[in-house]
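Have a look at the structure below before the remarks.
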Amino acid sequence: MGRDEHRTNRRGRARMAQTPKYAKIDSKDVEFSEEFGDHHDKIAQVRRHAAQKRVQNKNL
């Protein structure tokens, strides 16, 4: 633990680390053609569909 980890503000609470605005990026969901996908891409696609079904069932 470094010295800076124990510093607090006037109210006695430690400052939460924040991500600077220049480091934040807008994530983009990019889809590719199935003919370019390999075995791992197909497995990831099956897992994604299963996760979406779990979320939908949880929201009902």
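The values are calculated or read from the model by the stated rules, or taken from the named source; none is laboratory data. Remember, it's a predicted structure, so these values are computed and weren't measured experimentally.
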### Every residue from region 25-51 that is at pLDDT 80 or above and basic (Lys, Arg)
Lys42, Arg47, Arg48
### Message
Quick check on Arg54: is it within 16 Å of the chain's Cα centre (by Cα) and modelled with pLDDT of 80 or more?
### Response
no
